Amino acid sequence: MTMKPTVDMALFLTAVLKGAHATRQRHLNQARLIQAAIQQRWQLENPWRWQLKHLQWLMREHLADHSPHSRYYYGLTVRLIVRRLGKERDWGEMCR
């Protein structure tokens, strides 16, 4: 049984979401999928508790079978998450 995450990614990302409605929706959908993947792997659904290793795992292993196009767009969403966490300076490699 999959539990619905209690942390609302729409509220979490509000401060950093910009652009067209379709772009914002894509980021929100991907952020929810990222949240679910990290929750399933590490039982961490709250993005404020995520570490660099969690997002690196997502990009390197969880998305390994996805197309380069898909990984690129997930990478953009990861950048927004890192920006929202205020970790751009610490986790700069995720923002490039």
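The values are calculated or read from the model by the stated rules, or taken from the named source; none is laboratory data. If you're wondering where the values come from, they're calculated on a predicted model, not measured in any experiment. We work out accessible area using only protein heavy atoms, side chains counted, and drop any ligands, DNA or RNA first. Shrake-Rupley method; radii C 1.70, N 1.55, O 1.52, S 1.80 Å.
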Cα radius of gyration and Dmax for the chain (Å): 12.5, 38
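For the chain, which whole-number percentage of the solvent-accessible area (1.4 Å probe, protein heavy atoms only) is attributable to carbon and sulfur atoms? Kindly include the intermediate steps, with their values, before the conclusion.
Numbers: 3140 of 6290 Å².
Here it works out to 50 percent.
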Residue-normalised accessible area of the chain, expressed per residue, 1.4 Å probe, Å²: 66
Stretch gain in nm, segment Gln43-Lys18, where the contour uses 0.36 nm per residue and the Cα spacing is subtracted: 6.1 nm
